[in-house]
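See structure below.
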Amino acid sequence: MDLPCKPADRLLFNASTIVTVGDGKKAHFWHHSWLDGEAPKNLAPHLFELVKRKNRTVQQELHNNCWILLLRGRITTATHLEELVSLWLRVQNIQLQPRIHDSIVWKWSTDGCYSTQSAYRVQFQGSYSRFRPDLI
């Protein structure tokens with residue numbers, strides 16, 4: 001089950017993680033930055049607007065080029081076509097590895113694991129200074 005997420009939260013997630021696709025069962029096709037370090041929704045924003053099922057995994061969308069089939073009949077502009085071809089060129093060489101799980105590594109901790117503390121530290125980096133009671 002996916003939790004609701006604001007656009008700023010997704011941007012923070014993508015900027016804070018390294019997503020490596022193995023079997024494609026964990027990484028989300030449109031939202032995660034699995035394709036050359038970019039999320040397909042950022043590479044093809046006009047196509048993303050056309051997609052109805054936005055939270056499918058890489059595995060689900062790559063199976064029989066499902067992501068393309070779901071766009072059938074929706075491509076109506078030159079921009080749509082350009083983004084489709086550009087995204088298709090990037091995606092066509094992706095080979096899923098059935099016995100290897102996707103990995104999502106958190107950039108802001110030494111062990112690569114997410115923690116609430118590291119997320120808050122990143123979100124508020126530079127926005128406040130340390131409290132110094134001796135200055136009062």
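Every read-out reported here was derived from the displayed coordinates using simple, explicitly stated rules and does not represent laboratory data. The model shown is predicted, which means the values in this text are computed figures rather than measured ones. Here the Cβ is made from the backbone with ideal geometry for all residues, glycine too, and neighbour counts use every protein chain on show.
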Going from the fewest other Cβ atoms within 10 Å to the most, one would list TRP30, TRP108, TRP67, TRP88 as TRP88, TRP108, TRP30, TRP67
In debye to the nearest 20, the charge dipole size for region 1-125, taken about the Cα centre with +1 at each Lys and Arg Cβ and -1 at each Asp and Glu Cβ, equals 300
Quick note on ARG99, ARG74, ordering by fewest other C-beta atoms within 10 Å, gives ARG99, ARG74
With Cα springs under 10 Å, the Gaussian network model of the chain assigns the largest mean-square fluctuation among GLN60, GLN125, GLN92 to GLN125
The relative contact order of the chain, taking Cα pairs under 8 Å that sit 6 or more residues apart, comes to a percentage of 30
Rounded to two decimals, the Debye log10 I(q)/I(0) of the chain (Cα scatterers, no solvent) at q = 0.18 Å⁻¹ is -1.05
For region 21-97 the translational diffusion coefficient, Stokes-Einstein from a Kirkwood Rh over Cα pairs at 37 °C and viscosity 0.692 mPa s, in µm²/s, is roughly 266
Going fewest to most other Cβ atoms within 10 Å around each Cβ, ASP134, ASP36, ASP9, ASP102 line up as ASP134, ASP36, ASP9, ASP102
If one builds a Gaussian network model of the chain from Cα atoms under 10 Å apart, the most fluctuating residue listed among THR79, THR110, THR17 is THR110
Along region 19-32, Karplus-curve 3J(HN,Hα) (6.51, -1.76, 1.60; θ = phi - 60°) to the nearest Hz, with x for Gly and Pro, reads 9, 10, 8, x, 7, x, 7, 10, 6, 8, 4, 7, 8, 8
The local net charge around ASN64, scoring Lys/Arg +1 and Asp/Glu -1 for residues other than ASN64 whose Cβ lies under 14 Å from its Cβ, equals +1
Once both label points are put 7 Å beyond Cα along the C-beta direction, the VAL85-ASN64 separation in nm becomes 2.7
Stretched fully, the stretch from ILE100 through PHE124 gains (0.36 nm per residue minus C-alpha distance, one decimal, in nm) 5.2 nm
With Cα springs under 10 Å, the Gaussian network model of the chain assigns the largest mean-square fluctuation among ALA78, ALA119, ALA15 to ALA78
